[in-house]
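Asks: Got a structure here, written out as structure tokens. Questions coming.
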Ligand SMILES: Nc1nc2c(c(=O)[nH]1)N[C@@H](CN(C=O)c1ccc(C(=O)N[C@@H](CCC(=O)O)C(=O)O)cc1)CN2
């Protein structure tokens, strides 16, 4: 079975649009991009388009490639103090001279719609998330939509980044899976991966996952955004070689990527609702 993330994201965005309309709220997202990386620019444009579609206002802050950490922090602080902004998204990666950790930690936790702030990650690890990072939360939504059982299942996450691997493991654990995190130093990696009922690959290597790493009937989630020798977008998984062995599999494109953006929209709406609930007069 192909897990069609594009279709799930379309459905979720339509539902969200209705919920925003019914709420009478007008949530607002600010994106911050530093430099002119074409892929990052495309993702930011996709986010603004999704905002428009569901009834979220958005503004984009564009800083030059050579912006300093202090300059980015200044922009974040202004957005933190802007009562009209509910969510702040710092498009990653940032150029090397910018201290990414300081910038992420500067985002007000109640506007942290990307879920990367230590407060958000801590709450997620405690089993009480407010904003879960968009890609792993989007994967949970796909699993839920396709009714893939998680409780008691063996999940293996390959990759330990703070934006995907670690929060993915926490979300699966919160859903009662038995979770293993693998990484570049894992011994007998293929053997670990073959034990997975749910295999999530966030490695960043084109077509790295072959059929010999996949248990028959496993659910395979491909987080990779890679380009092959022909410049064609592809995932971490050798889709053609693995699809008949897997019980269910996400394609690239059209799998996890669209869910990242749909989840960002959901998190932004949540931020707007939480502000109303807390009664904070920002
Ligand atoms: N602040 C963040 N930065 C980055 C994140 C993130 O979640 N927060 N994730 C990625 C990039 N990303 C969003 O920012 C993203 C990547 C891919 C897609 C997507 O829908 N891709 C399509 C294919 C698009 C294409 O033609 O290239 C797909 O997979 O079908 C959406 C968002 C890194 N940075």
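Asks: Would you point out which residue out of 204, 254 is in contact with a helix residue (DSSP H, G or I) (Cβ under 6 Å, 6 or more places away or on another chain), part of a loop (DSSP other than H, G, I, E, B), touching a residue at least 24 places away in the same chain (Cβ under 8 Å) and within 14 Å of the ligand (Cβ to nearest atom)?
Replies: 254
Asks: Here are some conditions: (1) surrounded by fewer than 16 Cβ atoms within 10 Å (Cβ to Cβ); (2) within 15 Å of residue 113 (Cβ to Cβ); (3) without any contact (Cβ under 8 Å) to a residue 40 or more places away in the chain. Residue 70 meets all but one. Which one does it not meet?
Replies: It fails just one condition, (2).
Asks: Among the candidates 84, 99, 112, single out the residue that is surrounded by fewer than 16 Cβ atoms within 10 Å (Cβ to Cβ) and either within 11 Å of the ligand (Cβ to nearest atom) or in the same structural domain as residue 45 (by TED's automatic domain parsing) (or both).
Replies: None of the others qualify; the one that does is 84.
Asks: With the requirement that a residue be touching a strand residue (DSSP E or B) at 6+ places or on another chain (Cβ under 9 Å) and outside any helix (DSSP H, G or I), what does the stretch 133-148 give you?
Replies: Scanning the stretch 133-148 gives 146, 148.
Asks: Among 193, 168, which is part of a helix (DSSP H, G or I), more than 14 Å from the chain's Cα centre (by Cα) and buried (at least 19 other Cβ atoms within 10 Å of the Cβ)?
Replies: The conditions single out 193.
Asks: For the stretch 222-249, enumerate the residues that are in a strand (DSSP E or B), touching a helix residue (DSSP H, G or I) at 6+ places or on another chain (Cβ under 8 Å) and within 13 Å of the ligand (Cβ to nearest atom).
Replies: Matches in the stretch 222-249: 222 only.
Asks: Another question about this same structure. Please go through the stretch 197-217 and pick out each residue that is at negative phi and under 22 Å from the mean Cα position of the chain (by Cα).
Replies: Residues satisfying the conditions are 197, 198, 199, 200, 201, 202, 203, 205, 206, 208, 209.
Asks: Check off (1) surrounded by 22 or more Cβ atoms within 10 Å (Cβ to Cβ); (2) within 15 Å of the ligand (Cβ to nearest atom); (3) without any contact (Cβ under 8 Å) to a residue 60 or more places away in the chain for residue 161 and give me the number that stays unchecked.
Replies: Looking at each condition in turn, residue 161 falls short on (1).
The values are calculated or read from the model by the stated rules, or taken from the named source; none is laboratory data. The structure displayed is predicted, hence computed values, not measured ones. Heads up, the Cβs are rebuilt from the backbone with ideal geometry, glycines too, and the neighbour counts pull from every protein chain shown.
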